[in-house]
Amino acid sequence: MALISKGDFVRDPWRRLADEEAFPENGKLIVSYERLDNALKARGANGDIGVFIDNTLEIDKLTPALPKLGLIAIAFPSFADGRGFSLARLVRREGYRGELRASGRLLADQYAHALGCGFDTIEIPDDLAQRQDETQWRAAIRVHQRTYQRGYISSGSILDARRKATQ
Amino acid sequence: MSINHSNTVSRINSPKTTYQYDEFDKDFIRERVAEFREQVRRRLEGSLTEEEFRPFRLMNGLYLQLHAYMLRVAIPYGTLTSQQMRRLAEIADRWDKGYGHFTTRQNLQYNWPKLIDTPDILEALAEVDMHAIQTSGNCIRNVTADHFAGVAADEIEDPRPTAEFLRQWASAHPEFSFLPRKFKIAITGATHDRAATLAHDIGLRLVKNTSGDVGYCVIIGGGLGRSPFIGKIIREYVPRTELLAYLEAIMRVYNRYGRRDNKYKARIKILVHEKGIETIRAAVEKEFATMDHTAFQQDPQEFERVAASFVSPPYEALPSESSKLTKARLETPAFDHFVSVNVSEHKIAGYAIVTVSLKPINGIPGDATSHQMRILADACDRFGFGELRVSHEQNIILPHVKKDDLFALWQTLTAADLATANAGLVSDIISCPGLDYCSLATARSIPIAQAISQRFSDMARQRRIGKLGIKISGCINACGHHHIGAIGVLGLEKKGQESYQITLGGDPGFSASIGEILGPGVSADQVPEVIEHLVDFYLAERHETEAFIDTWRRLGHARFKDVLRREGEDGADI
């Protein structure tokens, strides 16, 4: 897997724990939603626990754990499945400020959408990272300079810029 | 690569009656062209697989059809300036085969562009503030509106400012660009529904509340396709200040809960049908109550800015009757017919709305040559303040013509084979491209439309029959809207043969209904005959000026079925 942050391919400080794996003492760990309660009990709220969730999870199932989490990874089962974008919005709306990661076959062409909805990092499989290298992800950041929507993260809202220009 | 053609410069004196792109809008579409150019390059070098490239080419209007690519250009709310129409003609000449096809979604399709040329075509469009953004793909599509918007005598408010406001909001949306399926919004501001608001994912109707404020009645879950549904009202009244917030709530509920396991069950109509309107309403209202509304606080100012663009042209003060018109009608019967069929009431005295039919007898519904596009551009500069409309019936409208000028306009149109006096009549057929172009089609549509139009080529007979909508689709996806045709024709494939299923009683208006199947399918060459029998029966049974749909509603479906059964006994093999 390759991890993209601010357009760069970066080293991942987190490790995804498989469900059959024993729970280690140290390190930043991403666990499945099913193991989340136990993981938080074992480690407490030191921010070393992250959770991997399906894009169909109801947000209220996650809300109590949000302040204790260091990372939330939302699955993108296919690049065409946009449910993760809405779920990201809800996670941010609930006040979560930690790392929000999109994990799946997301394309560089969707980077602006992901950032706009509140994701920080993108995790893609290696074969995809080979075809869509760092240059393409870096370029993708600059592709959507301004957007028409308010309330989404972008390098500039057209509506705000317009107001400024006419004031 | 730009086109620099002296003709594209709009007449200096043509007033600006529609939305004017500012630098931000222009930058936005230029950015999209650059993005798509890069995507085409990355597709060709292999960074994007065809499967990955697909949603992005679709979001830029580019389909892969049966024989070639097809580019669908957006004509938001069907409004077009003469300058834009000329540009469409130039593109048709330079990159296509000299014609274009106006669609039921008020768009224009080019059937023969090359992939490698499309970024240049998009750039040529961007130069005149046009684009092909979101004319396809699983995103919010081009917003359609009443083609008589702003000039209709029965209007509460011009729906186009709202449509433009929504176009901007929906463009390259970060959250709603990868929906379960396509999403279509239509809006009307009139008391007659010319935008088929009950047949869209979201239908909006401008309404006044008890204090006289204009807001929106919001309808969801309508749609045609293989499972047709009439939309249901989710909220009777949404104030203008809350429209975008309310729509965002609907979109979020749909994006999260719309089915993704089966593309034929992925539209919002299926979600509404399976969960029930009450459940969906509760989910939308809950989201609406929970969401942060601060992002929408500036909406009213932005709406006002957009609305200010849609100024009325400088109409002259004229008497409501034109003696020039009366005289010409008396002297020229063909013109008289044109006026009674293709000319509609304008809200301003002395003016009229002219429908230019793109359905000549034996023609291809919705097709226009580049020459005809230029004639229309010139005609609207001369007679119509430089503005044109595209209707979902696939015709072109000149929305503001002086009654005094109608005869001169008719002469111009006649010379370009654009004066067919059949607007709304039996030969004004809506048809999808069908098996002649489309990779989804199961049967031909265009030749069926041509054969029906041939069968009814006697214009006097057409006028006697009166308004009658025939709509033809070449497959169950229903792009020809056959479900809402008073007479609908659906082309299917049965054991390697084309078979046409006929439906009766469809209605696109406020009293919307889905047509009922008449009986077993018939062969292509039988369709005109069957329709003729139905029409003859209607003529024999109708009360005075009763419309086909009303006779059908009064007599009932069974009586129409009986007609054909009796005909069948006489050997018509139905």
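Restricting to segment A:83-108, name every residue that is part of a loop (DSSP other than H, G, I, E, B) and either in contact with a Pro (Cβ under 8 Å, 6 or more places away or on another chain) or more than 9 Å from chain B (Cβ to nearest Cβ) (or both). Within segment A:83-108, A:E94, A:G95, A:Y96, A:R97, A:G98, A:R105, A:L106 qualify.
Figure legend. Inter-residue proximity from segment B:254-266: first residues modelled with pLDDT of 95 or more, second residues of a type in the set (S, T, Y), beta-carbon distance below 6 Å, spacing 6+ or different chains. Indicated pairs: B:N255/A:S86; B:R256/A:S86. Restricting to segment B:27-54, name every residue that is in contact with a His (Cβ under 7 Å, 6 or more places away or on another chain) and more than 10 Å from every other protein chain (Cβ to nearest Cβ). Of everything in segment B:27-54, just one residue is in contact with a His (Cβ under 7 Å, 6 or more places away or on another chain) and more than 10 Å from every other protein chain (Cβ to nearest Cβ), namely B:I29.
Of everything in segment B:43-58 that is of a type in the set (A, V, I, L, M, F, W, C) and touching a Lys or Arg at 6+ places or on another chain (Cβ under 6 Å), the residue that is surrounded by the most Cβ atoms within 10 Å (Cβ to Cβ) is B:L48. On the given criteria, is B:A352 in a strand (DSSP E or B) and either open to solvent by 10 Å² or more (accessible area, probe 1.4 Å) or not β-branched (V, I, T) (or both)? So B:A352 fits the description; yes.
Scanning segment A:118-126 finds one or more residues that are more than 8 Å from chain B (Cβ to nearest Cβ), outside any loop (DSSP other than H, G, I, E, B) and surrounded by fewer than 19 Cβ atoms within 10 Å (Cβ to Cβ).
May I ask you to say which residue of A:L29, A:L40, A:L36 is open to solvent by less than 70 Å² (accessible area, probe 1.4 Å) and under 30 Å from A:D109 (Cα atoms)? Answer to the check: A:L29.
Could you tell me whether segment B:60-82 includes any residue that is over 27 Å from B:H392 (Cα atoms), modelled with pLDDT under 95, of a type in the set (S, T, Y) and surrounded by fewer than 23 Cβ atoms within 10 Å (Cβ to Cβ)? No, because not a single residue in segment B:60-82 is over 27 Å from B:H392 (Cα atoms), modelled with pLDDT under 95, of a type in the set (S, T, Y) and surrounded by fewer than 23 Cβ atoms within 10 Å (Cβ to Cβ). Considering only residues of segment A:151-165 that are more than 8 Å from chain B (Cβ to nearest Cβ) and among the hydroxyl-bearing types (S, T, Y), which is nearest to the chain's Cα centre (by Cα)? Looking at the filtered set, the residue picked out is A:S155.
The one condition from (1) within 14 Å of chain B (Cβ to nearest Cβ); (2) closer than 27 Å to A:E20 by Cβ that A:L40 does not meet is (1). For the condition at pLDDT below 95, touching a Gly at 6+ places or on another chain (Cβ under 9 Å) and not assigned by TED's automatic domain parsing to the domain that holds B:Y19, B:G212 does not qualify. All conditions but one from (1) crowded, with 16+ Cβ neighbours inside 10 Å; (2) over 25 Å from B:A289 (Cα atoms) apply to A:G47; the one that does not is (1). Here the helices (runs of 4 or more DSSP H) wholly within segment B:229-341 that include at least 2 residues being open to solvent by 60 Å² or more (accessible area, probe 1.4 Å) and more than 14 Å from every other protein chain (Cβ to nearest Cβ) are B:268-275, B:277-290, B:323-331. Within segment B:268-286, the set of residues being of a type in the set (G, A, S) and under 13 Å from B:F229 (Cβ atoms) comprises just one member, B:G276.
A residue that is assigned to a loop (DSSP other than H, G, I, E, B) and of a type in the set (A, V, I, L, M) occurs nowhere in segment B:90-100. Any residue in segment A:140-147 that is outside any strand (DSSP E or B), hydroxyl-bearing (S, T, Y) and at the interface with chain B (Cβ under 10 Å from one of its Cβ atoms)? The answer is no; no qualifying residue exists. Please tell me if A:K6 is open to solvent by 60 Å² or more (accessible area, probe 1.4 Å), under 23 Å from A:R89 (Cα atoms) and in contact (Cβ under 8 Å) with a residue 40 or more places away in the chain. Answer is yes for this residue. Criterion applied to A:A18, A:A108, A:A88 was being of a type in the set (G, A, S), open to solvent by less than 40 Å² (accessible area, probe 1.4 Å) and touching a Gly at 6+ places or on another chain (Cβ under 6 Å), and the one residue passing it is A:A88.
The residues of segment B:360-410 that are surrounded by 24 or more Cβ atoms within 10 Å (Cβ to Cβ) and of a type in the set (D, E, K, R), listed by number, are B:E387, B:R389, B:E393. Considering segment B:124-171, and only residues there that are in a loop (DSSP other than H, G, I, E, B) and among the acidic types (D, E), the residue that is most open to solvent (accessible area, probe 1.4 Å) turns out to be B:E127.
The values are calculated or read from the model by the stated rules, or taken from the named source; none is laboratory data. Since we're looking at a predicted model, the values are computed, not measured. For neighbour counting, all protein chains shown are included, and Cβ atoms are generated from backbone atoms with ideal geometry for every residue, glycine included. Quick note on the areas: whole protein, heavy atoms, side chains included, nothing else; ligands and nucleic acids left out. Shrake-Rupley method; radii C 1.70, N 1.55, O 1.52, S 1.80 Å.
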